[in-house]
Every structure is written in C-alpha cells, then in structure tokens.
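Written below as structure tokens is the structure these notes are about.
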Amino acid sequence: MTVISKDLDFIYTTKKEINFWHNNSQITPGYKLPVNQKDVIVSFSVKDKDEEGNEIPVEQLILDSIRAKDNLVFIHPDSFI
C-alpha cells in the first residue's frame with residue numbers, strides 16, 4: 001500500500017503484508033463486497049518489516065495519514081497474501 005499526502009509532502013509505502021477484512025472475514029482475491037448496501041465497511045491491518053526482516057509497528061502518524069481526508073491510498077493487487 002502506498003499513501004501520498006494531498007499536499008505531496010510525503011509518500012509512504014508498506015514493505016510487507018496488508019490484510020483486509022469485511023464483516024470479520026478476510027478479503028482474499030475474488031472476494032465480492034456487497035453491492036446493494038449503502039455503506040460497506042472494510043478494515044485492514046498493516047504489518048511492516050525493517051531492512052533485516054524484523055516486524056515493526058506502524059506509527060500512528062502513518063495510520064492518521066491513511067485516514068486523512070484527500071490523501072491518496074493505492075493498493076496493489078499483489079499486496080494480498
């Protein structure tokens with residue numbers, strides 16, 4: 001996943017796993033979200049790794065940037081585990 005700020009003052013790209021969830025079910029390739037619902041809530045968890053492969057926590061600043069209005073979030077299909 002890559003986040004680009006609306007002001008173009010930072011870019012953050014995760015290094016490893018992203019897991020997406022809908023109604024307590026993990027979203028995997030081919031998963032179909034409901035089309036007849038007004039609001040569909042999708043959640044995710046990010047697990048990142050440093051250069052040595054050690055898991056590191058994702059900073060609150062990064063999580064806030066994903067939630068911020070008008071920032072761009074890109075998800076590559078290969079992100080799904």
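The values are calculated or read from the model by the stated rules, or taken from the named source; none is laboratory data. All of these numbers come straight from a predicted model, not from anything done at the bench. Don't worry about glycine lacking a Cβ; one is built from the backbone with ideal geometry, like all the others, and counts go over all protein chains shown.
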For this session: Considering only region 39-81, state which residues are among the basic types (K, R) and at pLDDT 75 or above.
Result: R67, K69
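Any idea which residue in region 5-37 is modelled with the lowest pLDDT, counting only those that are among the basic types (K, R) and over 26 Å from D70 (Cβ atoms)?
Once the filter is applied, the top-ranked residue is K16.
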For this session: Could you please tell me which pairs satisfy a Cβ distance under 6 Å, a separation of 6+ or placement on different chains, a first residue in region 1-29 that is among the hydroxyl-bearing types (S, T, Y), and a second residue that is in a loop (DSSP other than H, G, I, E, B) and modelled with pLDDT of 80 or more?
Result: S5/N71
Problem set entry | Scan of region 29-53 for residues that are surrounded by 10 or more Cβ atoms within 10 Å (Cβ to Cβ), farther than 16 Å from M1 by Cβ and β-branched (V, I, T), ordered by number | V40
